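Peer 1: Shown below is the structure under consideration.
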Amino acid sequence: MSDEELAKDLGLVSAMTIGIGTMIGAGIFVLPGVAANAAGPIVVVSFVVGGLIAMVNALSVSELGTAMPKAGGGYYYINKSLGPMFGSIAGMGDWMGLAFASAFYCIGFGQYLAVFVGLPTIAFLNPVQVGALVAGVLFVAINYIGAKETGGIQTVIVFLLLSILTVFAIAGFASFDYATLVGDGGLAPYGAGEILPATALVFVSFLGYAKIATVAEELKDPGRNLPIAIIGSVAIVTVIYAVLVTTMLGVVPWPELSQDAPVAQAAEVSFPTSIGPLGGVAAAAAAVMTAGALLATASSANASILASARINFAMGRDKIVTNWLNEIHPNYATPYRSILVTGGLIIVFIALLGREIEVLAKAASVLHLIVYALMNVALIVFREADVPEYDPDFTVPLYPVTPILGAILSLGLVAFMDQQEIALSGAFVAAALLWYFIYARTNTSQEGVLSNYIQSREEELPDQVVDAADAVAPTGAGGPPTETEGPTIMVALANPRTESALITLAGALAQHKGGRVLATHIVTVPDQTSLSTAAEQRNRIDASSEELLAAAKSDAETFDVPIETKTILSHRGLEEVFDAAETNDADTVVMGYGGTQLAGGRAEGTLDELTYDLPCDFLVLDGQALELSDVLLPTAGGFSSDLSAEVARALQETVGVDVSLLHVVDAGEEESGREFMREWAADHQLTNADVHVETGDVEAVLKRIGNDYSLVIIGATEQGLLSRIVRGSLVFDVIHDLDTPTLLTERPSSRSLRDRLFGRR
């Protein structure tokens with residue numbers, strides 16, 4: 001079976017808004033009233049302390065993410081570093097933590113919905129729980145049929161929320177009264193000792209940045225964008241919390257702040273004071289804030305359900321959970337079983353714990369804090385084991401103080417949770433360990449870096465440590481993949497009719513250069529369907545991909561070169577070829593010509609495509625079949641004609657084709673043209689090729705003699721992408737006019753933005 005990977009199609013803004021949107025939904029619309037009632041005005045400090053703890057962890061997450069941008073986030077890092085036993089704890093903990101968090105967000109949705117419309121009491125469920133159950137069922141259904149938070153939608157939601165909250169902050173600032181903030185009991189009526197217990201309560205507000213790590217495998221330029229998105233989202237949200245919670249408590253006395261809809265209440269009080277006695281302003285302000293709260297909590301709940309599917313995909317990829325859980329729906333292309341199981345847990349949590357929102361918030365926080373502590377330990381293990389492939393683009397400052405501090409702060413905050421949440425979370429950790437020893441240990445073969453580190457130093461370490469590592473080591477079959485030296489020739493396959501021709505070209509190059517072939521099948525997934533939920537679409541994706549890639553393996557055997565196959569899921573088409581080439585360190589890409597229309601479903605995509613520097617050599621074939629006997633290589637000595645010569649020489653040496661060189665000159669320049677071609681052929685080791693020097697128009701000559709050959713190889717001009725595609729060029733005219741297969745070759749070159757767009761003058 002071929003490997004699968006997720007495409008990189010999320011930009012910086014999209015990634016940052018995923019984190020900000022989730023955190024804003026949880027923190028500012030739901031918890032201020034509950035937390036203020038528990039700690040008093042000093043709860044503002046609790047939000048800031050929570051942000052600082054999150055920031056320390058965010059630094060470690062950023063280093064891990066830039067070293068290993070993989071779907072699954074914290075689970076993946078822990079599983080890779082500490083091994084599948086701790087990976088099971090992290091994966092299950094993240095999964096259950098997200099279920100608790102989703103239930104918490106749904107309760108927040110229900111609180112504001114109950115304010116907005118009248119809801120009944122049904123059996124033992126109060127109106128808020130009824131609204132939360134409606135929300136939970138709705139969000140599970142949305143994910144079941146394939147809708148998700150795309151970068152574009154999430155961006156719109158976040159900027160809309162920020163606009164609403166900015167207006168509220170301005171109005172609240174005008175109405176702010178320090179005496180209201182302080183009240184009769186001062187800033188800390190229950191004492192400064194309530195700061196950390198309140199921090200434990202509100203820490204659920206800072207879980208959104210971790211969701212950015214779960215989509216790291218889909219993030220463009222993760223080395224740059226991941227740290228900015230994670231650290232930036234935590235910093236921005238911490239400031240927002242500090243400002244807005246202070247504003248609310250300076251508008252409404254903290255004992256009177258609503259525990260159900262605090263922002264709507266504060267807005268209703270703020271706007272008449274700040275705007276003046278305008279009829280209906282207070283009610284309108286409260287309605288707008290309520291609508292914003294519904295939107296924010298809905299976005300948070302939906303994002304959490306989606307993130308849980310990504311974690312399940314990552315665990316399924318490592319065989320820690322059964323792929324039964326990731327079975328894809330035949331119509332909706334979603335992991336419906338995973339979504340239904342997660343949805344069932346959310347419904348149970350809402351029904352049983354919906355009257356105790358603090359329990360839901362703290363249970364979600366405990367499980368995530370355990371994962372954060374393990375992530376910090378994982379970072380230390382990677383560093384100390386000096387793993388060669390661990391090469392982060394971002395490193396934490398003050399190592400090892402930062403990850404040690406992150407682990408201590410995370411576990412330390414757990415101590416301020418109530419016994420009920422600690423016991424509940426401990427039960428899930430115990431269940432994860434039980435699951436590992438019953439199922440995962442015998443199915444997964446991946447040992448962590450920590451286990452390998454211990455095994456390599458058996459004689460130096462105490463026997464108890466070595467025995468413990470052996471006792472929990474996985475027993476599944478398998479082993480690490482072998483590496484092949486030499487260049488990587490990547491083939492972007494899409495059509496079974498062109499597969500053989502593309503593999504022939506790639507195989508010839510790989511054999512000629514002593515490299516390997518990487519055959520990729522890029523499967524375009526509709527933008528409304530999460531890439532991770534489509535990753536295990538066995539009935540559709542694997543059936544077509546495996547057939548196509550199996551044929552590629554068979555055809556590559558002719559050249560006796562190593563071949564690896566990989567299915568890549570992407571929301572884009574042409575753009576993904578560029579990213580896949582860069583991600584897989586390809587030296588050459590071979591692909592078919594699929595027309596001239598640019599691909600790209602996201603806002604970031606089209607501009608990136610137009611301004612892209614090629615990551616490696618590109619060969620683009622127009623033609624479905626190759627029956628190679630003779631090759632025509634027209635050249636004027638251009639930059640990419642060097643690559644054309646390499647391809648021709650590879651086909652000559654591996655397939656035995658006859659190579660002919662063509663040079664077109666003006667009348668009277670035939671002799672100088674022949675001299676040029678003799679030197680050019682010698683420089684490119686093609687002295688045994690037939691040389692043709694013709695006069696006239698290049699395009700007309702090619703049309704006249706090109707069809708006499710089985711393949712025409714043309715080097716791309718130095719015109720930019722827009723001029724080649726939009727205005728037309730020799731290359732594309734020849735592709736359309738010749739009946740014989742045509743191969744366009746293009747070598748990367750350093751060009752300015754103007755040159756890339758419009759070509760050189």
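Peer 1: Could you compute the FRET efficiency for Leu461 and Ala123, with r as their C-beta to C-beta distance and R0 at 41 Å, rounded to 0.05?
Peer 2: Here the calculated transfer efficiency is 0.10.
Peer 1: Once you put a point 7 Å from the Cα of Gln259 and another 7 Å from the Cα of Ala242, both along the Cβ direction, what distance in nm separates them?
Peer 2: It is 2.9 nm.
Peer 1: Checking the table Lys566/Lys703; Lys80/Lys513; Lys553/Lys703; Lys80/Lys566 against a 30 Å threshold on Cα-Cα, which pairs fail?
Peer 2: The pairs that break the limit, which is 30 Å between Cα atoms, are Lys566/Lys703; Lys80/Lys513; Lys553/Lys703.
Peer 1: Then there's this: Tell me, Thr290, Thr247, Thr22 in order of fewest to most beta-carbon neighbours within 10 Å?
Peer 2: Lowest count first: Thr290, Thr247, Thr22.
Peer 1: Simple spin-label model, 7 Å along Cα-to-Cβ: Ser445 to Glu670 in nm?
Peer 2: 6.6
Peer 1: Exactly which GluC sites (Glu not before Pro) in region 351-399 are in a DSSP loop and have at most 16 other Cβ atoms within 10 Å?
Peer 2: Glu356, Glu389
Peer 1: Between Gln624 and Asp177, with labels modelled 7 Å along Cα→Cβ, what's the label distance in nm to one decimal, could you check?
Peer 2: Here the answer is 8.0 nm between the modelled labels.
Peer 1: Hey, another quick one. Excluding Asn688 itself, calculate the net charge of residues whose Cβ lies under 12 Å from the Cβ of Asn688, where each Lys or Arg counts +1 and each Asp or Glu counts -1.
Peer 2: That sum, taken over residues with Cβ under 12 Å, equals -2.
Peer 1: Report the Cα centroid-to-centroid distance between region 304-374 and region 179-250 in angstrom, as an integer.
Peer 2: 23
Peer 1: Could you tell me the calculated FRET efficiency between Glu547 and Ile170, based on Cβ-Cβ distance and R0 = 60 angstrom, to the nearest 0.05?
Peer 2: Calculated transfer efficiency: 0.50.
Values quoted throughout were computed directly from the atomic coordinates according to the rules given, and no laboratory measurement underlies them. The shown structure was predicted, so the numbers you read here are calculated from the model rather than taken from an experiment. So basically every Cβ, Gly included, is an ideal-geometry build from the backbone, and we count neighbours across all protein chains shown.
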